[in-house]
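Take a look at the structure set out below.
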Amino acid sequence: MAERVRSSIIEVFFVMGLYGLLGKSLSHSFSKRYFEETHLFNTIAGSDQYANFELSSIQDLNSILESNPDLEGFNVTIPFKSEIISYLDTLSEEAQTIGAVNVVKIIKSDGAKGITLQGYNTDHWGFIESIRPYLQPNYNKALILGTGGSSNAVCYALENSGVSCLKVTRGDTKSGMINYLDLNDKIITEHLLIVNTTPLGTWPQTEMYPEIPFEFLTPGHLVFDLVYNPPMTLFMKKAMAYGARVMNGYEMLCLQADKSLLIWKS
């Protein structure tokens, strides 16, 4: 699937430009290294550049735009995927439904503002395309760990593929949610697909993980951790100890990044 996406990108007419990533702590981010080291930028796009823009607050966005007039688009990561929406001029249907944006395309205009900011979500696409080869008919219920923007994207992707989702939170519960303390044998047994959408376990805090009753996992479970650094998280190791199949989020990250470039260059 990734190769099909990249083949489509090759057919796009490339215009050199500046792109980047907006987030709070980006020293170990995936995006800059991926765009600069893969053929997507170096071979195809020539001298396109990709920069990290660390923001302490989403309110700093305007200063980033003003000081980087050549910026053509950017990715958005934790914790600004939802906060950025109020700064955008338009949203794709998927981004509006999910309530989170991870890709922004900048359209230069002659209006008073000078630019139009278009928001998209490619996380849902990257997730479903990465997990699709491993989905089985009995994976009709999914347990989603976390309630942030990434969890919304995962639920959107799964529910559009016929899989019902139940979110797990540490805070107050709403409709379609339960607390971690509510997890038991019955719930784990009924939900053969479990997806961690929290950042727990991300380097350097690799000793952290979502606390679920691992002892109820079986070889029939598929456990997907959106964390990609480290490639094998403690959460995945604990799931494997009880026979569950595991996946990390690296392929999802690659696919959503490829899709971002298609949006910027279209």
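Taking the chain as a whole, the Cys residues whose C-beta sits 4.7 Å or farther from every other Cys C-beta are C254.
This ranking places H124, H28 by how few other beta-carbon atoms lie within 10 Å of each, fewest first, which gives H28, H124.
Divide by every residue of the chain the summed helix terms, -39500 (n - 2.57) for each DSSP H run of at least 4, and state the resulting mean residue ellipticity at 222 nm, rounded to the nearest 500 deg cm²/dmol.
Per the formula, -8000 deg cm²/dmol.
A straight Cα-to-Cα reach below 23 Å connects K108 with the lysines K81, K259, K265, residues fewer than 8 places away in its own chain not being considered.
Taking amide H as placed 1.01 Å from N in the peptide plane, the amide H of N196 sits under 5 Å from that of L145, F224, D225, L226, each at least 5 places away or on another chain.
Per-residue Cβ neighbour counts within 10 Å put R33, R170 in the sequence R33, R170, beginning with the fewest. Here the extension length gained between E159 and S27 equals 44.1 nm, from 0.36 nm per residue of separation less the Cα-Cα distance. Helix 149-159 and the longest principal axis of the Cα set of the chain meet at an angle near 70°.
Taking label points 7 Å from Cα along the Cα-to-Cβ direction, Y242 and I178 give a separation of 1.3 nm. The tail of the calculated P(r) for the chain beyond 34 Å holds 20 percent of all Cα-Cα pairs. Convex hull volume of the C-alpha atoms in segment 125-249, normalised per residue: 99 Å³.
Ordering W125, W203, W264 from the fewest to the most neighbouring beta carbons within 10 Å gives W203, W125, W264.
Relative to the dominant Cα principal axis of the chain, helix 250-265 is inclined by about 30°. Across the chain, C-alpha contacts under 8 Å between residues 6 or more apart give a mean separation that, scaled by the residue count, equals a relative contact order of 16 percent.
Values quoted throughout were computed directly from the atomic coordinates according to the rules given, and no laboratory measurement underlies them. It should be emphasised that the depicted structure is a prediction, and the values quoted were computed from it without experimental measurement. We place every Cβ from the backbone using ideal geometry, glycine too, and count neighbours over all the protein chains shown.
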